[in-house]
Amino acid sequence: MHYSFLNLAWQALRGHRDWQPTWRDAAPREQYDIIIVGGGGHGLATAYYLAKEHGIRNIAVVEKGYIGSGNAGRNTTIIRSNYLLPGNEPFYEWSMKLWEGLEQDLNYNAMVSQRGVLNLYHSDAQRDAFARRGNAMILAGADAELLDAKAVRSMLPMLDFDNARFPIKGGLLQRRGGTARHDAVVWGYARGASKRGVDVIQNCEVTGFVREGGRVVGVETTRGRIGAKKVGLAVAGSSSRVAALADMRLPIESHVLQAFVSEAIKPFIPGVVTFGAGHFYISQSDKGGLVFGGDIDGYNSYAQRGNLPTVEDVCEGGMALMPAIGRVRILRSWGGLVDMSMDGSPIMDKTPIDGLYLNAGWCYGGFKATPASGWCFAHLLARDEPHAVAAAYRLDRFETGHIIDEKGQGAQPNLH
Ligand SMILES: Cc1cc2nc3c(=O)[nH]c(=O)nc-3n(C[C@H](O)[C@H](O)[C@H](O)COP(=O)(O)OP(=O)(O)OC[C@H]3O[C@@H](n4cnc5c(N)ncnc54)[C@H](O)[C@@H]3O)c2cc1C
């Protein structure tokens, strides 16, 4: 069913009785060409682009809970392409371009809102690093503007500019960055994939891999065995656990990342703002709630809920940046499981096991990557070769030393 003004008017005249479910909730069949494990944004986008761009439609996406129940439905919805390194920037800029055309492509309102992402700087050294990053972005075809304190003050007068400890000296602004409605992205991709014949199978946990002569030829699930010529993993924070079912040990640690939303208030923050002197970032949802977060919890965990010391740290960061939010009440907080890689960059590659492909290591920044991740993983699965903009995301880079360490933190996953 195509969504349009005419269709809306037609349905209204008929009392809204004929709307169809957004996607088909399918039951597993015996055999597929490709199975994608994980019904988050990345898994569903992969299935969508496999069907749309490569004409492969005999696909299942198997999800252990309901689609979007993982990080896709738990993130703070920020999209941007403000990366520095050549291995990353073209990929994230391609993702940004896909975001810009996504709603027309999917015929679905994903509430993509290019309201700008501003990274604040508080010292001369930080300004120099942001100038370098901005130049690298521009060279890769993205947009970037370096603002001084006066320009930031005119955009965000409520910030604490003259805080003796963290004076705000300016910011790096990407105007094309912003936010998108995370659930709608999941639903839009599920709808687009389902419309093209993909089976979206919920409540179906992968519990093992079927192997023949060393090759993966299917998966064992809580709903029975399902055969496939190829299996792609897109299970984010569960990557190491699912890979262990195939006896693989990944260079990934899982950590909890928390997020918070306040009661709704009048328009206060026009775009996304990140504090440069601590880990705190904030935006305002269309409903009026302030959506914010900070650091990951400092130790490995598979629990989808966080701990109080991080809550305190995030709130302290917020208060240092904009003391006015101290009077706003927090409505909800939650946690998601992020797949932190050893260099802070993702992995998209064939594994050493024939027939098994890996999409993982998105750390706390994989929502913005959703369209390009789906696009490039579909390319890899369909053609058995990496897409040009994802060619650096090799699994063996941790052996060969070709790491993509955006933050220069070394193999310290909780700091990336
Ligand atoms: C609090 C928080 C805030 C974030 N904020 C941002 C942000 O602002 N911007 C940004 O770019 N990124 C952000 N991220 C990161 C981003 O959400 C993730 O990197 C991205 O969503 C991961 O890809 P996904 O959507 O496919 O993952 P998920 O939605 O987690 O999908 C993986 C799916 O695999 C399923 N699964 C796991 N094991 C199995 C199994 N055995 N069998 C079948 N299915 C299985 C899970 O149930 C899950 O649904 C944030 C993350 C969190 C937690």
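The values are calculated or read from the model by the stated rules, or taken from the named source; none is laboratory data. All values reported here derive from a predicted model rather than from experimental measurement. Glycine also receives a Cβ, built like all others from the backbone with ideal geometry; neighbour counts cover every protein chain displayed. All accessible areas refer to the heavy atoms of the entire protein, side chains included, with ligands and DNA or RNA removed. Shrake-Rupley method; radii C 1.70, N 1.55, O 1.52, S 1.80 Å.
Some observations on this one:
- When the criteria are applied in full, Leu85 fails the requirement of being among the aliphatic types (A, V, I, L, M), outside any strand (DSSP E or B) and surrounded by 22 or more Cβ atoms within 10 Å (Cβ to Cβ).
- Enumeration of residues in the range 200-219 that are open to solvent by 10 Å² or more (accessible area, probe 1.4 Å) and more than 10 Å from the ligand (Cβ to nearest atom): Phe209, Val210, Arg211, Glu212, Gly213, Gly214, Arg215, Val217
- Members of the range 1-41 found to be modelled with pLDDT under 95 and touching a Gly at 6+ places or on another chain (Cβ under 8 Å), listed by number: none
- Qualifying position, being surrounded by 14 or more Cβ atoms within 10 Å (Cβ to Cβ) and either among the small types (Gly, Ala, Ser) or part of a strand (DSSP E or B) (or both), among Gly68, Gly15: Gly68
- Count - residues of the range 168-199 that are outside any loop (DSSP other than H, G, I, E, B), within 12 Å of the ligand (Cβ to nearest atom) and of a type in the set (A, V, I, L, M): 3
- Residue check for Arg74: open to solvent by 30 Å² or more (accessible area, probe 1.4 Å), under 23 Å from Glu406 (Cα atoms), among the charged types (D, E, K, R) and within 11 Å of the ligand (Cβ to nearest atom): no
- Scan of the range 229-248 for residues that are open to solvent by less than 10 Å² (accessible area, probe 1.4 Å) and in a strand (DSSP E or B), ordered by number: Val231, Gly232, Leu233
- Taken over the range 255-269, the criterion of being aliphatic (A, V, I, L, M) and either more than 16 Å from the ligand (Cβ to nearest atom) or not in a strand (DSSP E or B) (or both) is satisfied by Ala264, Ile265, Ile269.
- Selection of first residues in the range 351-369 that are open to solvent by less than 10 Å² (accessible area, probe 1.4 Å) and of second residues that are in a loop (DSSP other than H, G, I, E, B) and near the ligand (Cβ under 6 Å from one of its atoms), restricted to Cβ pairs under 7 Å at least 6 apart or on distinct chains, gives the following pairs, ordered by first then second residue: Asn359/Ala234; Ala369/Trp362.
- Single unsatisfied condition, Asp33 versus (1) under 18 Å from the mean Cα position of the chain (by Cα); (2) open to solvent by 30 Å² or more (accessible area, probe 1.4 Å): (1)
- Single unsatisfied condition, Leu331 versus (1) within 16 Å of the ligand (Cβ to nearest atom); (2) surrounded by fewer than 15 Cβ atoms within 10 Å (Cβ to Cβ); (3) within 29 Å of Gly218 (Cβ to Cβ): (3)
- Qualifying positions in the range 379-410 - outside any helix (DSSP H, G or I) and surrounded by 14 or more Cβ atoms within 10 Å (Cβ to Cβ): Pro386, His387, Ala391, Ala392, Tyr393, Arg394, Leu395, Ile403, Ile404, Asp405, Glu406, Gln409
- For the residues Val62, Val37, Val112, the requirement of being in contact (Cβ under 8 Å) with a residue 24 or more places away in the chain and within 30 Å of Pro157 (Cα to Cα) singles out Val112.
- Of the residues making up the range 107-148, those that are part of a loop (DSSP other than H, G, I, E, B) and under 17 Å from Gly178 (Cα atoms) number 10.
- Filtered residue count, the range 37-62, keeping only those that are under 17 Å from the mean Cα position of the chain (by Cα) and either within 11 Å of the ligand (Cβ to nearest atom) or under 17 Å from Asp384 (Cα atoms) (or both): 12
- Note on the range 38-65: residues that are open to solvent by less than 20 Å² (accessible area, probe 1.4 Å) and assigned to a helix (DSSP H, G or I) amount to 10.
- Residues that are in a strand (DSSP E or B) and either within 11 Å of the ligand (Cβ to nearest atom) or at pLDDT below 95 (or both), drawn from the range 342-378: Asn359, Ala360
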